[in-house]
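Visitor: Okay, handing you the structure first.
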């Protein structure tokens, strides 16, 4: 018999809440508990963090249940330490306010924490979901309005799916070269 | 007894160190086999795609260590396929560096002057050309203008890029789709193949042992072409000469793993690793100040918003490459692009109230991504990296199907290294924060430690057997017939991009390898022209290498 919140749904919520702590977004629907709702526009979750984490290529998938359960275990200890009254309706990490989620993630990813590698890896993949959308083809992601790439202003490719920038230079010398530059163009 | 293939020369790795040796030895008449742990991609295989499994993850190796993470090539062509092709020669003072033992680290035989003819060979072969300012992308122009505004000089950096073919797509870390980047896939490697060399991709060398005739047996596994964690085969090849060029993050690991079969390794194998003193700062520019202070404007009237556009680093300031400054206080600063997918996580939020590398404020920083500029410090670190016990295979415990692994490198920056980084951080701020142009923060070292794209010195040349693994001919001490020609042979940080120096050292090492092969009965001679047949640089080195010329 699984412990409380050790279900697929609860684990998904917990990992979404972790991803939303790394790069937050807006709530997907009224009463969306996983998302803290502290940022306008989508964040790591809307960018595909769970898809990236679950991808066979990334290598995180086999560890996700353990990480979600561990995250909630740490959240239980955190609320006990802080005297916070958890909301029993949702997993312990999800029940935390955004500032407390941040403090706990800072503690987990601190180099002094022997477990930090796992929590940093989780944060890395959440970030990659946002800044690269690595679970999906980049051209297709852009066409579908991938939230992270759109937020960053990543430019669209040419019609063949390749990037070319015909206009790319200010076109003039903008600094004096070092006086000791050698004829090969290297430092002396 | 199992049968083993045999060849004259077995080359491990196909980056600069391996490809250059393979070409000259094959052209000189030796039978050459190159084993490369990564896949063999070219031209249209190089994708503009961040998706896992595309070329961007297939051809890279990102190994997280304890205090230092190393990014390196993992494909036929090695670092030349993923690098940014900046090819400056190392400044003169670098060769006189003394380091923490207060003793010249480079062999007496190597200086900027003695290396020049070998630099010339590389420049002719790739080729390397000077970058014209009218081909410098916006980001390089912005950095140059900011340097000039702050009273600094700035140079357009020599590069191995054919600007006529370049589209300034900035996907060059995924391999160049347009064959504009002059990687080894376009010169040394096809020339080596034309002379009969064999290149075998996805062959990962694990260790070496000895053969009865004084040669070496090279033990490899064959990796699955999608999931590099999976071994699909293996074998051995016997060779009279082994050229080890697996990269500074892998060469010492192969040698460490070979100790039970080869005997004790020189003390310096797996020690004195240098991250080339690398450090990154991210500047977030105020677009209005770019226009008002620097007077810059793109043709469409936007001042900048062009971080994505370009061809890697094009402009550097060399004012601190001053040999009269104390060691550890000399560095270059180079404008750089770092693509998404590891390229944003370590950037920190200036003036953050909360966490600096993640969180709500970090997301706000990412909204301004097109106004970012990354500045790359290459400084003099203290060779403080040490490799721990080797993993069971490869050079890391692979975590993902491709790219990501956990390695045994431990790096605790000394006060010297930290001082250089602090000085360079202050210099970047002084240049880029002047008159409100930008806000600047260094990348955090608290997530994956420090970070290098130019690993060096883990199996270095030198005159002192106590602190160098190789003699000045690149031969592994106490293990004759094994030569190391990759970045691990470079004794210390170079304060500039090292590919040109790694390649020049490999060119310089070849005549000695030819002589060693001849002594072992291989019918080979030195004297091949550049891969395209050009001969002007050859003429300058032939008088230096008469011993390797005889039939």
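The values are calculated or read from the model by the stated rules, or taken from the named source; none is laboratory data. On a predicted model such as this, the values are computed, not experimentally measured, just so you know. Cβ coordinates were reconstructed from backbone atoms using ideal geometry, including for glycine residues, and neighbour counts include every protein chain displayed.
Visitor: Sort out for me the helices (runs of 4 or more DSSP H) sitting completely within segment A:30-146 that have 1 or more residues that are modelled with pLDDT of 95 or more and under 26 Å from residue B:403 (Cα atoms).
Guide: On the way: elements: A:44-47, A:49-54, A:64-82, A:92-95, A:98-109, A:116-131, A:138-143.
So the answer is A:44-47, A:49-54, A:64-82, A:98-109, A:116-131, A:138-143.
Visitor: Also: Which of the residues that make up segment A:158-172 are touching a helix residue (DSSP H, G or I) at 6+ places or on another chain (Cβ under 8 Å) and crowded, with 17+ Cβ neighbours inside 10 Å?
Guide: The initial filter retains those residues of segment A:158-172 that are touching a helix residue (DSSP H, G or I) at 6+ places or on another chain (Cβ under 8 Å), namely A:161, A:168-172.
A:168, A:169, A:170 - these are the residues of segment A:158-172 that are touching a helix residue (DSSP H, G or I) at 6+ places or on another chain (Cβ under 8 Å) and crowded, with 17+ Cβ neighbours inside 10 Å.
Visitor: Which residues, taken from segment A:136-149, are facing another protein chain (nearest Cβ under 7 Å) and either within 17 Å of residue B:399 (Cβ to Cβ) or crowded, with 23+ Cβ neighbours inside 10 Å (or both)?
Guide: A:138
Visitor: Hey, another quick one. Which residues, taken from segment A:122-131, are facing chain B (nearest Cβ under 7 Å) and either more than 10 Å from the chain's Cα centre (by Cα) or closer than 15 Å to residue A:45 by Cβ (or both)?
Guide: Residues satisfying the conditions are A:123, A:127, A:128, A:131.
Visitor: Let me ask you something else. Answer yes if at least one residue in segment A:44-53 is within 14 Å of another protein chain (Cβ to nearest Cβ), surrounded by 24 or more Cβ atoms within 10 Å (Cβ to Cβ) and on the phi > 0 side of the Ramachandran plot, and no otherwise.
Guide: yes
Visitor: Now for a different question. From the residues in segment A:150-185 that are within 18 Å of the chain's Cα centre (by Cα) and either under 30 Å from residue B:116 (Cα atoms) or assigned to a helix (DSSP H, G or I) (or both), which one is nearest to the other protein chains (Cβ to nearest Cβ)? Spell out the reasoning first.
Guide: Our first condition is that a residue be within 18 Å of the chain's Cα centre (by Cα); within segment A:150-185, this holds for A:150-154.
Now drop any that are not either under 30 Å from residue B:116 (Cα atoms) or assigned to a helix (DSSP H, G or I) (or both), which leaves A:150-152.
Numbers: A:150: 10, A:151: 6, A:152: 4 Å.
Checking each candidate, the answer is A:152.
Visitor: What do you reckon, is residue B:196 in contact (Cβ under 8 Å) with a residue 60 or more places away in the chain, outside any helix (DSSP H, G or I) and surrounded by fewer than 23 Cβ atoms within 10 Å (Cβ to Cβ)?
Guide: Answer is yes for this residue.
Visitor: Hey, can you tell me all the residues within segment B:150-163 that are more than 9 Å from every other protein chain (Cβ to nearest Cβ), part of a loop (DSSP other than H, G, I, E, B) and within 27 Å of residue B:72 (Cα to Cα)?
Guide: Of everything in segment B:150-163, those that are more than 9 Å from every other protein chain (Cβ to nearest Cβ), part of a loop (DSSP other than H, G, I, E, B) and within 27 Å of residue B:72 (Cα to Cα) turn out to be B:160, B:162, B:163.
Visitor: Now for a separate question. List the helices (runs of 4 or more DSSP H) inside segment B:54-149, counting only whole elements, that have at least 1 residues being away from every other protein chain (no Cβ under 11 Å) and touching a strand residue (DSSP E or B) at 6+ places or on another chain (Cβ under 9 Å).
Guide: The helices (runs of 4 or more DSSP H) meeting that bar are B:79-82.
Visitor: Might you check whether a residue that is free of Cβ contacts under 8 Å to residues at least 12 places away in the same chain, more than 11 Å from chain B (Cβ to nearest Cβ) and crowded, with 16+ Cβ neighbours inside 10 Å occurs anywhere in segment A:83-98?
Guide: Scanning segment A:83-98, I find at least one residue that is free of Cβ contacts under 8 Å to residues at least 12 places away in the same chain, more than 11 Å from chain B (Cβ to nearest Cβ) and crowded, with 16+ Cβ neighbours inside 10 Å, so the answer is yes.
Visitor: Now for a separate question. Restricting attention to segment B:164-199, report how many residues are at negative phi and more than 13 Å from chain A (Cβ to nearest Cβ). Outline the logic, then answer.
Guide: First, pick out the residues of segment B:164-199 that are at negative phi: B:164-167, B:169, B:171-174, B:176-178, B:180-195, B:197-199.
Then drop every residue that is not more than 13 Å from chain A (Cβ to nearest Cβ), which leaves B:164, B:181-195, B:197-199.
Adding up the residues that qualify gives 19.
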